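Undergrad: Once you've had a glance at the structure underneath, I'll fire off some questions.
The values are calculated or read from the model by the stated rules, or taken from the named source; none is laboratory data. For clarity, every value in this text was computed on a predicted model and none was experimentally measured. Positions of Cβ are backbone-derived with ideal geometry, glycine not excepted, and every protein chain shown enters the neighbour counts. Only protein heavy atoms, including side chains, enter the accessible area calculation; ligands, DNA and RNA are left aside. Shrake-Rupley method; radii C 1.70, N 1.55, O 1.52, S 1.80 Å.
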Amino acid sequence: MTLSETTPLKLPPDSVASNGFDIVATYRRFLREDPDMTMPVAAIESLVVLLSQTEPTTASELMDILAKAVAELKKGVKNSISLSAGCDMFQRFVLRNIQEYGDWEACRRHLVKNGGLFLDRAKASRYRIAELGLPFIQDDDTILIHSHSRAVTELLLLAARHHIRFRVFVTESRPTAEGLSSAKTLRDNGIPVRVIVDGAVGWAIQKVDKVFVGAEGVAESGGIINRVGTYQIAVLAKDSNKPLYVVAESHKFVRLFPLSPFDLPNESPAANTFTTEQEDDEIQSSPLLDFTSDNLITALITDIGVLTSSGVSEELIKMWYD
């Protein structure tokens, strides 16, 4: 089904979004219905549906509707860095198209039609990444991965389908334990796995040939925002002369320039609170994200090519100013 054929959604009566459209509920519905969908793609798809169901009379009214919807998404979704990248990219896509059309109604029809093409390219990016990353995996490799990254998993599955023999250390990734999901997927596809606790990375790193991690967002510096624990893995890999590759879609390139994890938005206040009393949810209140600087990263494997950290800045400039 194309987005131009999208039927109106049945929205809850207490919808908080403008024009009666609940953008947060729509976004969560997409993620619930497709567990393999990334946050930026779900955000883009939600915005395209919004675009297809609204009838603004001017370009400025459309941009205002999109801006309000994006603000609601960022406010209503926890850890919205990855989501923000998709929203920013789609707003730029819409703005470019508005500038190319003199006839507003023709512009609107073009946006609804081509918004679907834009979305399809974003969805296809994961397989493109796997193809580009395939040469980085060799027979008899021992690989370390952290948490659960769909892009990393797709790369490893493609390598297995090409009959490359390798084994994988998977970190448990507390507090969410998402690494267990990665381990199950790999084992179900015949890939040998050893799950380790996060604190055992220092023990395992000497046995590892290379490290692959995903990213919630790729910053302007070429550093990455990812599940907590990524930074310490990167430090250990650097100290042990093990290459660390980031596997991430270009729609996760985000216009942020953090210098440390404390510069990230949506950082849990409870994580910085000290107390003499025992708390029931101490583990669950731990930070979920950290920041890994570009000097610890060997290369970024993306759908637009294998990039150095400086290449990320160049690509962001192309996306926003070309």
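Undergrad: Consider segment 41-80. How many of its residues are buried (at least 16 other Cβ atoms within 10 Å of the Cβ), assigned to a helix (DSSP H, G or I), hydroxyl-bearing (Ser, Thr, Tyr) and more than 23 Å from the chain's Cα centre (by Cα)?
TA: Going through segment 41-80 one residue at a time, the tally reaches 1.
Undergrad: Counting only residues that are of a type outside the set (A, V, I, L, M) and surrounded by 20 or more Cβ atoms within 10 Å (Cβ to Cβ), how many does segment 295-309 have? Lay out the reasoning, then the answer.
TA: First, pick out the residues of segment 295-309 that are of a type outside the set (A, V, I, L, M): 295, 298, 302-303, 305, 308-309.
Subsequent filtering for residues that are surrounded by 20 or more Cβ atoms within 10 Å (Cβ to Cβ) retains 302-303, 309.
Adding up the residues that qualify gives 3.
Undergrad: Now a separate question. Right, ASP263: farther than 25 Å from ALA130 by Cα, under 19 Å from the mean Cα position of the chain (by Cα) and either surrounded by fewer than 19 Cβ atoms within 10 Å (Cβ to Cβ) or outside the structural domain of PRO175 (by TED's automatic domain parsing) (or both) or not? Even if it seems obvious, please write down each step before you answer.
TA: On the way: farther than 25 Å from ALA130 by Cα: yes; under 19 Å from the mean Cα position of the chain (by Cα): yes; either surrounded by fewer than 19 Cβ atoms within 10 Å (Cβ to Cβ) or outside the structural domain of PRO175 (by TED's automatic domain parsing) (or both): yes.
Yes, satisfied.
Undergrad: Right, next: Only one residue in THR273, THR292 is under 22 Å from MET39 (Cα atoms), of a type in the set (Ser, Thr, Tyr) and either modelled with pLDDT under 80 or open to solvent by less than 30 Å² (accessible area, probe 1.4 Å) (or both). Which one?
TA: Numbers: THR273 fails: under 22 Å from MET39 (Cα atoms).
One residue alone meets the criteria, THR292.
Undergrad: Okay, next question. If SER84 satisfies every condition in (1) modelled with pLDDT of 85 or more; (2) over 22 Å from GLU249 (Cα atoms); (3) open to solvent by less than 20 Å² (accessible area, probe 1.4 Å) but one, which is the exception?
TA: Here SER84 meets the rest and fails (2).
Undergrad: Can you tell me which residues in segment 120-133 are touching a helix residue (DSSP H, G or I) at 6+ places or on another chain (Cβ under 6 Å) and modelled with pLDDT of 95 or more?
TA: Hits for segment 120-133 are ILE129, ALA130, GLY133.
Undergrad: If we keep just the residues of segment 186-212 that are in contact (Cβ under 8 Å) with a residue 24 or more places away in the chain and open to solvent by 50 Å² or more (accessible area, probe 1.4 Å), which is nearest to PHE166 (Cα to Cα)?
TA: Filtering first and then ranking leaves PRO192.
Undergrad: Out of segment 170-185, which residues are open to solvent by less than 60 Å² (accessible area, probe 1.4 Å) and hydrophobic (A, V, I, L, M, F, W, C)?
TA: Residues satisfying the conditions are VAL170, ALA177, ALA183.
Undergrad: Considering segment 231-249 alone, what residues qualify as being within 10 Å of VAL211 (Cα to Cα) and among the hydroxyl-bearing types (Ser, Thr, Tyr)? Walk me through how you get there before you give the answer.
TA: Quick first cut of segment 231-249, residues within 10 Å of VAL211 (Cα to Cα) only: 233-234, 237, 242-246.
Listed by number, the list holds a single entry, TYR245.
Undergrad: Taking the conditions exactly as written (in contact (Cβ under 8 Å) with a residue 40 or more places away in the chain, more than 22 Å from LYS318 (Cα to Cα) and not assigned by TED's automatic domain parsing to the domain that holds GLU220), does SER80 satisfy them or not? Explain how you work it out, then say what you get.
TA: Details: in contact (Cβ under 8 Å) with a residue 40 or more places away in the chain: yes; more than 22 Å from LYS318 (Cα to Cα): yes; not assigned by TED's automatic domain parsing to the domain that holds GLU220: yes.
So SER80 passes the test.
Undergrad: Which residue pairs have Cβ atoms closer than 6 Å, lie 6 or more positions apart in sequence or on different chains, and pair a first residue in segment 131-144 that is assigned by TED's automatic domain parsing to the domain that holds PHE166 with a second residue that is open to solvent by 90 Å² or more (accessible area, probe 1.4 Å) and at pLDDT 95 or above?
TA: ASP139/ARG165; THR142/ARG167; THR142/LYS207
Undergrad: With the condition kept exactly as written, say whether any residue in segment 95-104 is within 21 Å of VAL218 (Cβ to Cβ) and either at pLDDT 85 or above or outside any helix (DSSP H, G or I) (or both).
TA: Among the residues of segment 95-104, not one is within 21 Å of VAL218 (Cβ to Cβ) and either at pLDDT 85 or above or outside any helix (DSSP H, G or I) (or both), which makes the answer no.
Undergrad: Additional query: Considering only segment 122-169, state which residues are part of a loop (DSSP other than H, G, I, E, B) and open to solvent by 40 Å² or more (accessible area, probe 1.4 Å).
TA: Applying the first criterion (part of a loop (DSSP other than H, G, I, E, B)) to segment 122-169 yields 137-140, 146-149, 162-165.
GLN138, ASP139, ASP140, HIS148, HIS162, HIS163, ARG165, listed by residue number.
Undergrad: Something else: Could you check, for segment 232-255, whether at least one of its residues is in contact with a Pro (Cβ under 8 Å, 6 or more places away or on another chain), surrounded by fewer than 20 Cβ atoms within 10 Å (Cβ to Cβ) and not assigned by TED's automatic domain parsing to the domain that holds MET89? Spell out the reasoning first.
TA: Step one: of segment 232-255, the residues in contact with a Pro (Cβ under 8 Å, 6 or more places away or on another chain) are 237, 249, 251-252.
Now restrict to residues that are surrounded by fewer than 20 Cβ atoms within 10 Å (Cβ to Cβ): none.
No, that holds for no residue.
Undergrad: Keeping to segment 217-250, report how many residues are under 17 Å from the mean Cα position of the chain (by Cα) and polar (S, T, N, Q).
TA: Qualifying residue count, segment 217-250: 4.
Undergrad: Please enumerate the residues belonging to segment 171-192 that are more than 14 Å from LEU157 (Cβ to Cβ) and either of a type in the set (A, V, I, L, M, F, W, C) or part of a helix (DSSP H, G or I) (or both).
TA: ALA177, GLY179, LEU180
Undergrad: Would you be able to say whether some residue in segment 239-248 is small (Gly, Ala, Ser), within 27 Å of ARG126 (Cβ to Cβ) and touching a strand residue (DSSP E or B) at 6+ places or on another chain (Cβ under 6 Å)?
TA: Going through segment 239-248, the residues small (Gly, Ala, Ser) turn out to be 240, 248.
Subsequent filtering for residues that are within 27 Å of ARG126 (Cβ to Cβ) retains 248.
Still in the running and touching a strand residue (DSSP E or B) at 6+ places or on another chain (Cβ under 6 Å): 248.
Yes, there is a match, as at least one residue in segment 239-248 is small (Gly, Ala, Ser), within 27 Å of ARG126 (Cβ to Cβ) and touching a strand residue (DSSP E or B) at 6+ places or on another chain (Cβ under 6 Å).
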